[in-house]
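To start, the structure itself, in structure tokens.
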Amino acid sequence: MTAPKALVAGNWKMNGLKAAATEIVKLNDLVNENGAKCDVLICPPFTLISTLMDLSADHVAIGAQDCHMNMKGAHTGDISVDMLKDLGCGYIIVGHSERRADHSESNDVVNAKAVAAQSVGTIAIICVGETIEERQAGNALNVVTSQVTASIPAGATTENTIIAYEPVWAIGTGHTPTIGDVEEMHNAIREVLLVRFGDKASDINILYGGSVKASNAHELMAVKNVNGALVGGASLKADDFFGIISAYDEIG
Ligand code: PGA
């Protein structure tokens with residue numbers, strides 16, 4: 001029972017024009033020249049997936065930030081999992097807190113999107129996380145473990161599921177939970193996975209996200225049951241992002 005390789009994933013959100021392709025070339029070169037002890041993924045906006053896929057070579061996987069729950073049809077402006085698979089995406093983020101907030105995505109919607117992603121053989125990165133009000137009220141563990149339980153599809157496997165714990169109040173704010181709080185939450189998520197997947201639960205990566213940067217990556221990534229990072233702002237520049245990837249050089 002060996003844990004899978006850690007994953008450091010970048011979420012570019014609604015950032016990046018064609019010129020940002022140079023960052024992928026640079027990132028690919030950095031990983032190629034220096035090596036990486038973790039898997040590396042960038043999820044750019046839909047508009048850049050095809051371009052970046054052609055430039056990322058073997059060292060940087062390219063994924064998507066969202067998908068529609070239906071396979072095709074009358075859904076103007078939406079993108080299906082088949083379309084993403086067709087471009088070569090191996091990972092799709094679902095249920096990011098910005099989608100849960102901006103597009104009122106419930107756990108049921110997130111679950112349905114994960115079903116769609118997994119149905120075409122891509123890995124669903126299922127995001128969960130509490131608001132500051134929920135944490136201050138002492139409900140963080142309940143909220144997050146309920147999200148995990150409700151958002152993982154019935155047919156999910158340890159091979160096609162990744163969880164990303166991102167406290168909403170830590171995203172883009174420069175604030176991070178204490179190391180103790182991160183450990184407590186990741187342990188609680190692992191417990192949920194153990195109930196669900198038994199011994200194989202350790203095969204599922206649980207990423208931490210929310211204001212991860214090169215200067216705090218080592219401390220956060222070294223926490224038990226933290227198996228990688230989901231990174232927003234610090235993933236936009238190859239040098240910054242590579243600083244986070246390099247944290248794994250010192251983590252056994
Ligand atoms: P941040 O975003 O690293 O800019 O805090 C993380 C995320 O939303 O995935």
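Just so it is clear, none of the values below were taken in a lab; they were calculated from the coordinates. Every value quoted in this text rests on a predicted model; they were computed, and no experiment measured them. With ideal geometry, Cβ positions are generated from the backbone for all residues, glycine too; neighbour counts draw on all protein chains shown.
Mind checking which aspartates and glutamates have their Cα closer than 20 Å to the Cα of K26? Skip sequence neighbours fewer than 8 apart in that chain.
D39, D54, D58, D239, D240, D249
Rounding to the nearest 20 debye, state how big the charge dipole of region 11-146 is about its Cα centre with +1 on each Lys and Arg Cβ and -1 on each Asp and Glu Cβ.
Around 60 debye, computed over region 11-146.
Taking 0.36 nm per residue of separation and subtracting the Cα-Cα distance, what length does fully extending D239 through A154 add? Kindly include the intermediate steps, with their values, before the conclusion.
Details: separation 85, 0.36 × 85 = 30.60 nm, distance 3.92 nm.
This chain segment gains 26.7 nm when fully extended.
Checking the cross-link filter: which aspartates and glutamates have an alpha carbon closer than 12 Å to that of K237, excluding same-chain neighbours under 8 positions apart?
Cross-link targets: E23.
Among K37/K213; K18/K72; K18/K85, which pairs are too far apart, with a Cα-Cα distance over 24 Å?
Listed pairs above 24 Å: K18/K72.
For the residues L41, L7, L141, what sequence is obtained by ranking on other C-beta atoms within 10 Å, fewest first?
By the 10 Å Cβ count, ascending: L141, L7, L41.
Considering the dipole of the chain built from charges on the beta carbon (Lys and Arg +1, Asp and Glu -1) around the Cα centre, which of V110, G228, L207 is farthest to its positive end?
Positive-end residue among those listed: V110.
How big is the charge dipole of the chain about its Cα centre, in debye rounded to the nearest 20, if each Lys and Arg gets +1 on its Cβ and each Asp and Glu gets -1 on its Cβ? Display every interim value, and only then the final one.
Details: 17 positive and 30 negative charges, 57 e Å.
Rounded to the nearest 20 debye, it is 280 debye.
Normalised by the residues of the chain, what does the relative contact order come to in percent, with Cα pairs under 8 Å and at least six apart?
22 percent
Arrange E130, E159, E183 by Cβ neighbour counts within 10 Å, fewest through most, would you?
Values: E130 25, E159 12, E183 15.
Ascending Cβ contact count within 10 Å gives the list E159, E183, E130.
What does the extension gain come out to for T51 and I132, with contour length at 0.36 nm per residue minus their alpha carbon separation? Provide the component values of the computation, followed by the final result.
Working: separation 81, 0.36 × 81 = 29.16 nm, distance 3.74 nm.
Working it through step by step, the gained length comes to 25.4 nm.
Evaluate E = 1/(1 + (r/R0)^6) for T178 and L17, where r is the Cβ-Cβ distance and R0 equals 22 Å; express this FRET efficiency to the nearest 0.05.
With a Förster radius of 22 Å, E is 0.05.
Quote to one decimal, in nm, the extra length available between E33 and E219 on full extension: 0.36 nm per residue of separation minus the C-alpha distance between them.
Details: separation 186, 0.36 × 186 = 66.96 nm, distance 2.45 nm.
Between E33 and E219, full extension yields an extra 64.5 nm.
What residue among A238, N11, H75 has its Cα farthest toward the positive end of the dipole of the chain, where the charges are +1 on Lys, Arg and -1 on Asp, Glu, each on the Cβ?
Comparing the listed Cα positions along the dipole, H75 ranks first.
Hey, how many Å between the Cα centroid of region 7-39 and the Cα centroid of region 153-224?
22 Å
Hey, what number do you get for the chain at 222 nm if only DSSP H runs of n ≥ 4 count, each worth -39500 (n - 2.57), divided across all residues, to the nearest 500?
Working: 10 runs with 102 residues, N = 252.
Helix-only estimate at 222 nm: -12000 deg cm²/dmol.
Tally Lys/Arg at +1 and Asp/Glu at -1 over every other residue whose Cβ is under 15 Å from the Cβ of D108; what's the total?
+2
What list do you get for L30, L55 if you sort them by fewest beta carbons within 10 Å?
Ranked by crowding around the Cβ, least crowded first: L55, L30.
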